[in-house]
1. Considering only helices (runs of 4 or more DSSP H) fully contained in the stretch 63-154, which possess at least 2 residues that are under 16 Å from residue 37 (Cβ atoms)?
2. Go over the candidates 145, 60 one by one and state the one that is modelled with pLDDT of 90 or more and surrounded by fewer than 18 Cβ atoms within 10 Å (Cβ to Cβ).
3. Looking for whichever is modelled with pLDDT under 90, more than 11 Å from the chain's Cα centre (by Cα) and surrounded by 15 or more Cβ atoms within 10 Å (Cβ to Cβ) here; the options are 52, 20, 24. Which one fits?
4. Hey, any hits in the stretch 39-48 for a residue that's assigned to a loop (DSSP other than H, G, I, E, B), in contact (Cβ under 8 Å) with a residue 12 or more places away in the chain and surrounded by fewer than 19 Cβ atoms within 10 Å (Cβ to Cβ)?
5. Yes or no: residue 65 over 27 Å from residue 140 (Cα atoms) and surrounded by fewer than 16 Cβ atoms within 10 Å (Cβ to Cβ)?
């Protein structure tokens with residue numbers, strides 16, 4: 001994967017690099033590119049580029065200076081889970097379900113472990129039909145969620 005370094009680009013230039021220049025390119029790259037990615041790590045690389053930009057700049061790159069790539073990936077997902085957990089706590093304060101915070105943190109931690117492992121061991125879908133990739137990615141996401149639900153339920 002040829003990834004630009006977010007620390008050297010403004011958010012606007014980074015989004016143009018990630019999504020393209022025209023509206024058609026941007027829609028195609030935002031909606032389809034993640035699901036057609038040949039790896040689970042690349043799925044997440046393409047998913048939500050705005051949030052990805054800030055996670056890369058403020059979490060992944062600083063961590064990467066001190067730990068291995070797979071550990072930085074997993075820790076970045078835990079950081080993402082903590083942020084989603086904080087949002088869940090805020091929603092709980094206005095009438096939501098407090099256990100959502102624990103679920104969010106667990107889910108993203110599990111996702112991070114799966115992304116780190118599939119990246120570390122170079123698991124790829126390049127030899128399977130392209131139509132199968134979205135099923136695989138969604139299946140992994142749902143499977144990680146179900147595992148997090150089971151773990152959160154005690």
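1. Helices (runs of 4 or more DSSP H) meeting the threshold: 99-120, 132-152.
2. After applying the criteria, what remains is 145.
3. 20
4. Yes: one or more hits.
5. Yes; evaluated as a whole, the condition is true for this residue.
The values are calculated or read from the model by the stated rules, or taken from the named source; none is laboratory data. Being a predicted model, the structure only gives us computed values, none of them experimental. We place every Cβ from the backbone using ideal geometry, glycine too, and count neighbours over all the protein chains shown.
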